[in-house]
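Before any comments, here is the structure.
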Amino acid sequence: MAADAVPATSADTTWMSVLLGGRKIGHLRIDRETAQGTVTTTQTLSILLNRSGKSIPLANMIRSVETTGGEPLGFSTRTSMSSMDSTVNGERQSDGSFRIATTVGGSTRYSYIAWPGQALLNDGQRKAMLDAARQPGLHYRLQMFDPATQQVMDVGVEVLGNEPVNLPGGTETLSHQRQRLHQDRGDQILDLWLDGRGRARKGIISMLGRQLEMIACDQ
């Protein structure tokens, strides 16, 4: 079976510790299920932020549903911070558009969007990065759809090549890829290290002036 091949029915879970400035602040759980020609990816982030000496819990869930060929079928998000809770649900309609239900503070509004060109959800992004991993030195672009805002991020990616990475479970050889998102306040850079199936095993990004790190670990 090829490294990126996935059985007709499968499920796997990845746990990642989340550290800010070297201190653990929470965890990220990534569930991926393949069944009946669809792939459902659910990312659940749970962290504690410190503001003015107070610990504030933040929970964020992002789910994408795609065909095994990477065609988007639906997406949803849920963000909970203190007493505020907001959700977004997008469902593909028969004409190819998406019906969006956004709920904030118990109030729901509906809208429709056309799918933006070549934009990719989670598993489509995984496959694109997996294909690129075979070409060290490659520079390419990803059109990444953000379910929370329904906006497309045009991200430049550089394939830096395979590197040995020390993880809690041992050393793994992973594909190092650097994503660069151009923003008005400066570029945001995310370094990712991917395994032989295109799944993230380590990630580093700058947040709140400090380094936010995600590292694959046991539950």
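The values are calculated or read from the model by the stated rules, or taken from the named source; none is laboratory data. Given the structure is predicted, the values throughout are model-derived calculations rather than measurements. Cβ placement follows ideal geometry from the backbone for every residue including glycine, while neighbour counts extend to all protein chains displayed. SASA here: full protein model, heavy atoms, side chains in, ligands and nucleic acids out. Shrake-Rupley method; radii C 1.70, N 1.55, O 1.52, S 1.80 Å.
For segment 173-191, the candidate set comprises residues that are at pLDDT below 95 and acidic (Asp, Glu); within that set, the residue that is surrounded by the most Cβ atoms within 10 Å (Cβ to Cβ) is ASP187.
Answer yes or no as to whether GLU33 is among the acidic types (Asp, Glu), free of Cβ contacts under 8 Å to residues at least 40 places away in the same chain, under 28 Å from LEU130 (Cβ atoms) and assigned to a strand (DSSP E or B). Yes: the conditions hold for GLU33. Residues that are open to solvent by less than 80 Å² (accessible area, probe 1.4 Å) and under 23 Å from the mean Cα position of the chain (by Cα) were ranked within segment 90-107; the one that is nearest to ARG63 (Cα to Cα) is GLY90. Taking the criterion of being of a type in the set (A, V, I, L, M) and either exposed (fewer than 14 other Cβ atoms within 10 Å of the Cβ) or over 25 Å from GLU71 (Cα atoms) (or both), the only residue of segment 29-40 that qualifies is ALA35. Among the residues of segment 1-21, those that are small (Gly, Ala, Ser), part of a loop (DSSP other than H, G, I, E, B) and either modelled with pLDDT of 95 or more or more than 30 Å from ASN50 (Cβ to Cβ) (or both) comprise ALA2, ALA3, ALA5, ALA8. Filtered by the rule that a residue be hydrophobic (A, V, I, L, M, F, W, C) and either open to solvent by less than 40 Å² (accessible area, probe 1.4 Å) or not in a strand (DSSP E or B) (or both), segment 66-89 gives PHE75, VAL88. From the list ASP191, ASP218, the lone residue that is within 19 Å of ARG141 (Cα to Cα) and of a type in the set (Asp, Glu) is ASP191.
Against the list (1) open to solvent by less than 30 Å² (accessible area, probe 1.4 Å); (2) in contact with a Ser or Thr (Cβ under 8 Å, 6 or more places away or on another chain); (3) farther than 20 Å from LEU121 by Cα, the condition LEU194 fails is (3). Restricting VAL165, VAL155 to residues that are under 22 Å from LEU20 (Cα atoms), open to solvent by less than 40 Å² (accessible area, probe 1.4 Å) and either free of Cβ contacts under 8 Å to residues at least 40 places away in the same chain or outside any strand (DSSP E or B) (or both) narrows the list to VAL165.
Evaluation of GLN43 against the conditions (1) without any contact (Cβ under 8 Å) to a residue 40 or more places away in the chain; (2) open to solvent by less than 70 Å² (accessible area, probe 1.4 Å); (3) within 21 Å of GLN150 (Cβ to Cβ) shows that the sole unmet condition is (1). Each residue in segment 116-147 was checked for being hydrophobic (A, V, I, L, M, F, W, C) and surrounded by fewer than 16 Cβ atoms within 10 Å (Cβ to Cβ), and 1 of them qualify.
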